[in-house]
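Reviewing the structure listed below.
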Amino acid sequence: MSKKSIFAIPGSLRSGSSNHAILNHISGLIPVDINYFIYNRLAAIPPFDPGLDNEHPPEAVAELRSLITSADAIIICTPEYAYGVPGQLKNALDWMVSSSSVVDKPVALITASLGGEAAHAAMQLILGALSARVIPEAALLVQFVRSKVNGDGVITDHETEERVKKLVEELLKVIG
């Protein structure tokens, strides 16, 4: 029997972002018998073009679809930019609309930003349009994230750390 896998997508392109830090922190909470992979190629996804969305999409899109399809669950951790979803994350998700990659896939959603309410709500709508299965107990809004994750990428806020642990526990329950 193959190992279960969790595919993590940071919404920020900046490698030292709070979102990357949270996903890196989560890697320490995942049991060793589960593969955990943080995707760092959002910048390689070309702008969505319905004319190219066919049986031979751009290579980076095909790769992302394959990685999502083969995962047992997805964790998305994103900031909020200008009261919305970062463009590159939204673009990548737009490429998933015509595929079945995300359909009924368990998703944990973390929005970690200054405010984040608008992006969190938008992500839930987007994931709903993709027919993803957002786990309600694994949807987390972390506001004022820079006061909760330090410059070294360490979660310094006890409540946030506990909420992230709970999110991981709930996602693990779903994938069995």
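Computed from the coordinates by the stated procedures, all read-outs in this text should not be read as laboratory data. Just so it is clear, the model here is predicted, and its values are computed rather than measured. We place every Cβ from the backbone using ideal geometry, glycine too, and count neighbours over all the protein chains shown.
Observations on the model:
- Positions within region 73-96 being under 26 Å from Glu55 (Cβ atoms) and free of Cβ contacts under 8 Å to residues at least 40 places away in the same chain, in sequence order: Lys90, Leu93, Met96
- Restricting attention to region 1-31 and to residues that are without any contact (Cβ under 8 Å) to a residue 60 or more places away in the chain and part of a loop (DSSP other than H, G, I, E, B), the residue that is farthest from the chain's Cα centre (by Cα) turns out to be Met1.
- The residue that is farthest from Leu23 (Cα to Cα), among those in region 134-152 that are surrounded by fewer than 16 Cβ atoms within 10 Å (Cβ to Cβ) and not acidic (Asp, Glu), is Pro136.
- As a summary of the residue check, Ser113 satisfies the conditions (1) surrounded by fewer than 18 Cβ atoms within 10 Å (Cβ to Cβ); (2) closer than 17 Å to Leu13 by Cα; (3) of a type outside the set (A, V, I, L, M, F, W, C) except for the one numbered (1).
- Enumeration of residues in region 98-110 that are touching a Lys or Arg at 6+ places or on another chain (Cβ under 6 Å) and surrounded by fewer than 16 Cβ atoms within 10 Å (Cβ to Cβ): Asp104
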